[in-house]
1. Quick one: among B:32, B:224, B:185, which has the greatest mean-square fluctuation in a GNM of chain B with alpha-carbon springs under 10 angstrom?
2. At q = 0.12, 0.22 Å⁻¹, what base-10 log of I(q)/I(0) does the Debye formula yield for region A:143-278 when every alpha carbon is treated as an equal point scatterer in vacuo?
3. Across the Cα atoms of region A:110-194, what radius of gyration and what greatest pairwise Cα-Cα distance (Dmax) are found, in Å?
4. Over 32 Å between Cα atoms: which of A:131/B:344; A:99/A:252; A:66/B:329 fall into that group?
5. Contour minus end-to-end for residue B:281 and residue B:335, with contour as 0.36 nm per residue of separation and end-to-end as the Cα-Cα distance?
6. If the label point is 7 Å along Cα→Cβ of residue A:226, which residues in region A:170-203 have backbone nitrogen under 15 Å from it?
7. How do B:154, A:216 rank when sorted from fewest to most other Cβ atoms within 10 Å of their own Cβ?
8. Would you mind getting the Kirkwood hydrodynamic radius of region B:42-261 from its Cα pairs, rounded to one decimal in Å?
Amino acid sequence: MSSDTTSTTEPNPALRDGPKVPPEQSVLGCKDVTKTFGAVTAVDDVSVGIDEGEWISIVGPNGAGKTTLLNILNGFYDPDPGGQVYLNGEDVTSLKSFKRARRGLGRTFQGLELFESEDVLENVMTVRAVKDHPNLLEALAFYGPGRKTEAQNMQRVEEVLDYLELWEYRHSEIAGLPLGIRRRVDLARSLVLEPDVLLLDEAMSGLTFDEKYDMIRFITDLHEQENLTLVMIEHDLEVVTDVSDRMLVLQKGGIIARGPPGDVVEDPEVRRVYTGVD
Amino acid sequence: MPCGEYFTSYGSRMGLFRWRTQRIALVLGLPIPFLAPLAVQGGLLSTITQIYIFAIAVLGLNVILGYAGEIVLAQGAFMAIGAYATSQILADGLFGVQIGLLPAIMVGGVFAAFVAIMFGIPSFRVKGFYIAISTLALQFISEWFFNNGQLEWIHGGTQQTIPFEVGLVGQWFTITGTDMELYFISLVLMLLFALISLNLSRSGMGKVFRAIHDNDLAAGVLGINVFRNKLLAFAIGGFMIGVSGGLFGYYIGFISPDYFTLDLTLQHYVMLLFGGLGRVWGALLGVGIVTIIQEFLRGFLQSVAANATSLEPVFFGVIIIVVLAVEPKGVLAALGQLKDYLRKWPFAY
């Protein structure tokens, strides 16, 4: 893009409005959220509301606060006092991350964070086990309901592995797998919790063209078939504009634009942030 | 045409003995410890009994360290709590009622589990190495507590003699503490706790423990209540170690804090690491091999010179270092590699 193009375009005021959906009524949202680490403000007074079945992408340069915002949404970080987080219309600010996950908030990790000493099947089975709240006596006896639940879990996990074309890797150790497969395992792990909302933290980072294509295909199918609400952090603007319903641009912890991807990428302020050219 | 064994259900795939060779090994191997007293008696039978008793404690340590990844240095403390509680219950009864040896041992285990939980709640505010240090504090508190004569009204006396003639359950099935009785009680309890450990390992709860061990941050975000499950692992492990302590007290017939020092804790660590961390068979193998090495060394050094037994820890330490340097994952992993090698032989891969 040239500086001539941007200098002739005025900032679009419609992209500077507040959240389209009030956070209190959203499937996932936050209101007046700020997060500071010492003197650094990582997220600055952000309010977001995501509608059911929507696919929102969060973009911005490195250090813009994207992952911090995701971490606040899923409860890994607490927002500074005054900020609130909503899940399915309920204030979950005080809920810990594991409780939010059990209420339908799944996520993948930029750094993968897989259980490295286990194989693919065990990685996914572990998370699936959480859904049934393992019972101590059933675990120790491993007979009757406990055994039946474990068999049902394995069946469901294998369906997910099959869907993500991970079947042939199910008994492979995580450590030796290529990045594309590891990212799919991460996605499989979040899917077996059957989330209402899925947070994808740079799920396509470091992938080859083919791997990225496969990942988009899996996520798009899920979004369309299961009406899964998606929040995705992604640097590839081509991917973001192709698949997202709405886009949110962060810069220095604050939202500088939000709206339909086509409009947002044409906004001069967004272009300036991305290219560094006024 | 298909060949080999196939699983026709998820249930069969989750079995403990899934392959034909494993089932044959079970049928042929299980009777051996039950028939062993026909061929083995005296000191050797007593040594094997001690292996079974320590195996229960090492299985408990395996739950805490091998599954959940928490370093606990209070093995001796948990065993002491189990032993003193069992001794008190056998002497005075539980609320005045004689409940017998097995229930007394179990109640001793419950006491140990309770202390594990009470100590775990504040300890889990810190992580890793710091938990090890805080549990080490429990070990020293325990030694001070049971050595303190002024606290006799709580623990019943620093040194206690446990009566051998007790009912196995309540007043029934009276036993007199013969080598044979102790052997079979220890064997059955060890098999029971080995089965429980195997079940825990293949259940969802075992998977959750291992996930916390691997990556507790990710585990929390993926729906696992890390704090609760760490406590649960502590409680299960503490219970098993406490049971082992109660049984050990009855086996010796006399308890003193000197039996439950940090040395015992370290000895159980060596057994677990030697066999293979996180593996039930590894824990059992580790206890057996380490005890045999110790006994062999003691006998060998005694035959060399009367005062040479003081060198036993030196030789023992060298053996442990050599084995762990060759195979850090323990003897079980080495056996697995050997099996793999033989399966492929004469080819390299």
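All of the numbers you see were taken from the coordinates with simple rules; none came from a lab. Computed from a predicted structure; not experimentally measured. Positions of Cβ are backbone-derived with ideal geometry, glycine not excepted, and every protein chain shown enters the neighbour counts.
1. Fluctuation is largest for B:32.
2. -0.59, -1.37
3. Just the Cα atoms of region A:110-194 yield Rg and Dmax of 13.1, 39 Å.
4. Working: A:131/B:344 41 Å; A:99/A:252 30 Å; A:66/B:329 40 Å.
Beyond 32 Å: A:131/B:344; A:66/B:329.
5. Working: separation 54, 0.36 × 54 = 19.44 nm, distance 1.13 nm.
Stretched out fully, the residue B:281 to residue B:335 stretch lengthens by 18.3 nm.
6. Counting backbone N atoms under 15 Å from the label point, the list is A:184-201.
7. Numbers: B:154 11, A:216 18.
The order, fewest Cβ neighbours first, is B:154, A:216.
8. Working: mean 1/r = 0.0568 Å⁻¹.
Here the Kirkwood hydrodynamic radius works out to 17.6 Å.
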